[in-house]
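A.B. asks: The structure follows.
Rule-based calculations on the coordinates, nothing more; no lab input. Because the structure is predicted, anything quoted here is derived from the model rather than measured. Glycine also receives a Cβ, built like all others from the backbone with ideal geometry; neighbour counts cover every protein chain displayed.
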Amino acid sequence: MSALLQSKTLLPETIANLLGLSGTIGAIVGGLIGAFVIANLLLVQTAVAGPWAKRKITAAFTDRIAVNRIGPFGLLVIVADAVRLLSKELVVPEGVDRPAWDLGPLVIPFSALLGFAVIPMGSGIQLADPETGIVFAFAAGSIASVGLIMMGYGSNNKFSLLGGLRAIASNIAYEIPLVITGASVILFTGTLQTSAIVAQQTEPLISIAGVTIPQWFAFVNPFAFVLFVIANLAEVGRNPFDIPEAPTEIVAGYQTEYSSVYFVLIYLGEFIHIFLGGAIAATLFLGGPAGPVLPGFIWFTIKIWLFYFFTQWVRSAIPRLRVDQFLDVGWKGMLVLSFANLALTAIIVGVIAWLDCLNQWQQRWSTHWTDKHSQSSTLMSLQRSAPASVGYINSVKSAVSGAGSVKKSVQMIQSRLYRMTNETANSIISISDSVYTVDYVRRFVLLMPFCWHRISSLPQIQKTSLFTIWSNWKTCRGIKILIHSILVNQTAAGGLMREPVRSIISN
C-alpha cells in the first residue's frame, strides 16, 4: 500500500529530469509545468462536478431526470454552459470599487488551487513538500475570506455587503474548530509535513478475520473526523451552512452583482474549495492516496469525490440554518467540542508516550542486568581457570600481609606492566571494561592469575610488594592509587583503558 502513495521525487523534479534540466532553471520550469498539470486536472474535475454532477445528484434526490439531452449522459452540457456564461455581457454596476470588485473573483479560485501545492496526490503527483505543509494548506484556503469581503464591500450593494460580512463571520466561527481539530491529528503524528502524515497512516491498525484495517486517523479518532467534516462543510459554504449566499434572504450574497466570466470564476472557486476541503480531510484522516491495487492518484480522486458527494447529499437533505443558529453552532458547539477533542487527544498521546518510555526503561534495565550477569559469569569462569594460582596468591597474601608501603609496590608493578606481553595487557584491559563498582574492582585484582607466569618470575621482594597491595585493597585510597597508576601508564597496555575505570576515580 505504501509503495503506491507517492514517489520520493516531487513532480517538478521528475519533469525537470525528463527535460534534462537541472539547477534553478530546472526547478522553475518543472514547477511551472507541474502547477499547470495539477491545475488542469482539478479544473477538469470541477467542470464535471459543477454543471453536470451537481444537477445529476440533486435530481436523484428529488426524483427528477436532470440533463440528458446534450451529448452522452448529458455531459456536453459542460461545454454548453461554459459558452453560455462566458458569452454574456459583463455588467459593471455604478459606484463599485473597481480594484476590489475585479480582484475578488480571482482570489477565490487562486487560493483553492494554491492549497493543492502541498497535498500528496499519489503516484508522485505533489508540487512541494515543506515541513509545515498542512499549515500552508489551511492558510492558503483561508485566503478566500479576503476575496469574499472584497466582493461584498466593492459591489456597492447592501445584500452583497451582508453576504461578505456573513462570510467572514462564518469563516472565523468554523475555521478555528477546523484547525484545532486538525491539530489533534498533529499530536498523533508529531509532524506538519503532509507526506509524513500520510506515511504514518499506512501502518496496520488491526487485523480482523485476515483483513487488515489501516491506521487511518478516521478509525483512530472518529470523533475528530466527524468534527472536521462538519467544520469543513461550513468552511466551503455548503448546506446547512450556506448563510453567506442564502438566496431566500439576501438574493445571492456577495455574488449578487457579478455576471459573465466573474460569475464563472466565483462558481469555479466554490467547487475547487470543496475539493480542497476533501483533499485536506483525506490527507489528515483517510490516508491520503493510500489504497490497495489501484494507483494512488485514483484513490485520491475517489476520496475527494466521496467528500463532494457527501456535500451534495447534505445540501439536498438538511435545511439551511438561521444566521443566529449558524453562529451558535460554531461558537457554542463546535469550538467547545474541538478543544475538548484536542485536550483528550493530548492526554491519550501523553499516556501512550509514558507507557512507551516505561517499556523502554524496563528493557534497558533488563539488558543491563543481563550484561552484568554475563560479566560476572565471565569473571568467575576466569577465576576458576587458575585455582592453583589463586590459592598460591592467597597463601602468599596471608604470609606477607605486613609488607612495605603501597606506593612503592605500585611503582614496582608499573615497571613490570611495561614489560608485559600484549596478550596479557589486553586481558587485563578487557576485564577493566566490566569494572563498574568497587566489588568488580576487587574481582579485577583476582584476575592476577592470568599474569602468574610473569609474577612467578619476579624476585621475592616484588612478590611481597604485589600482595601488599592486596591487603590494602579494602581502602578507597588503595583503590584509587592502583587504578590511577594503571591509567597513567595505559599506553603500556595498548591504550584501551575505558571510561568505567575513570568514573570510579572521579567518584
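A.B. asks: If the chain between ALA346 and SER22 were fully stretched, how many nm would it gain, using 0.36 nm times the residue separation less the Cα-Cα distance?
C.D. replies: Between ALA346 and SER22, full extension yields 112.2 nm more.
A.B. asks: At 7 Å along Cα-to-Cβ for each site, give me the label-to-label distance between ASP63 and LEU187 in nm.
C.D. replies: 4.7 nm
A.B. asks: Could you calculate the FRET efficiency of ILE70 with VAL293 from 1/(1 + (r/R0)^6), where r is the beta carbon distance between them and R0 is 45 Å, rounded to 0.05?
C.D. replies: Working: r = 35 Å, r/R0 = 0.78.
Here the calculated transfer efficiency is 0.80.
A.B. asks: While we're here: Arranged by the count of other C-beta atoms within 10 angstrom, fewest first, what order do VAL351, VAL179, VAL48, VAL198 take? Could the numbers behind the result be given before it?
C.D. replies: Working: VAL351 10, VAL179 18, VAL48 15, VAL198 27.
Ranked by crowding around the Cβ, least crowded first: VAL351, VAL48, VAL179, VAL198.
A.B. asks: Given PRO204, ILE243, ASN171, which one lies farthest toward the positive end of the charge dipole of segment 99-251, if we put +1 on the Cβ of every Lys and Arg and -1 on the Cβ of every Asp and Glu?
C.D. replies: ILE243
A.B. asks: Let me ask something else about it. For segment 114-241, take the convex hull of the Cα atoms, compute a quarter of its surface area, and give me that in nm², please. If you can, show how the numbers build up before the last one.
C.D. replies: Details: hull surface 38.6 nm².
The directionally averaged projection comes out at 9.6 nm².
A.B. asks: Please compute the modelled spin-label separation between TRP305 and SER87, points set 7 Å along Cα→Cβ, answer in nm with one decimal.
C.D. replies: Label at SER87, label at TRP305, 3.0 nm between them.
A.B. asks: Relative to the present Cα-Cα distance, how much length would full extension add between GLN325 and SER260 at 0.36 nm per residue of separation? Walk me through the numbers before you get to the answer.
C.D. replies: On the way: separation 65, 0.36 × 65 = 23.40 nm, distance 3.37 nm.
Length difference between fully extended and current span is 20.0 nm.
A.B. asks: On to the next question. If you wrap a convex hull around the alpha carbons of segment 1-134, what volume per residue comes out, as a whole number of Å³?
C.D. replies: Values: hull volume 29.8 nm³, N = 134.
It is 222 Å³ per residue.
A.B. asks: ALA353 to VAL44: extension gain in nm, 0.36 nm per residue of separation minus the Cα-Cα distance? Spell out each step's value before the answer.
C.D. replies: Details: separation 309, 0.36 × 309 = 111.24 nm, distance 4.51 nm.
Once the chain is fully extended between ALA353 and VAL44, it gains 106.7 nm.
A.B. asks: Give me the one-decimal Kirkwood hydrodynamic radius in Å for segment 122-175, with the sum taken over alpha-carbon pairs.
C.D. replies: Values: mean 1/r = 0.0773 Å⁻¹.
Computed over Cα pairs of segment 122-175, the Kirkwood hydrodynamic radius comes out at 12.9 Å.
A.B. asks: Quick check: convex hull over the Cα atoms of segment 163-311, volume per residue in Å³, rounded to an integer?
C.D. replies: On the way: hull volume 19.1 nm³, N = 149.
Value for segment 163-311: 128 Å³ per residue.
A.B. asks: Along the principal axes of its C-alpha atoms, what lengths does segment 232-334 span, in descending order and rounded to whole Å?
C.D. replies: Taking max minus min along each principal axis of the Cα atoms, segment 232-334 gives 48, 39, 22 Å.
A.B. asks: Can you sort THR14, THR62 from fewest to most other Cβ atoms within 10 Å of each residue's own Cβ? Walk me through the intermediate numbers first.
C.D. replies: Numbers: THR14 15, THR62 9.
In order of increasing Cβ crowding within 10 Å: THR62, THR14.
A.B. asks: While we're here: Less than 19 Å from a label point 7 Å out along the Cα-to-Cβ axis of ILE168: which backbone N atoms in segment 86-118 qualify, by residue?
C.D. replies: Residues passing the 19 Å test: 96-108.
A.B. asks: Kirkwood Rh, segment 2-335, all Cα pairs: how many Å? Spell out each step's value before the answer.
C.D. replies: Numbers: mean 1/r = 0.0478 Å⁻¹.
Here the Kirkwood hydrodynamic radius works out to 20.9 Å.
A.B. asks: Turning to a different aspect of this structure: How do LEU337, LEU306, LEU103 line up, fewest other C-beta atoms within 10 Å first? Write out the running numbers ahead of the final one.
C.D. replies: Working: LEU337 19, LEU306 13, LEU103 16.
Final ranking by Cβ density, sparse to dense: LEU306, LEU103, LEU337.
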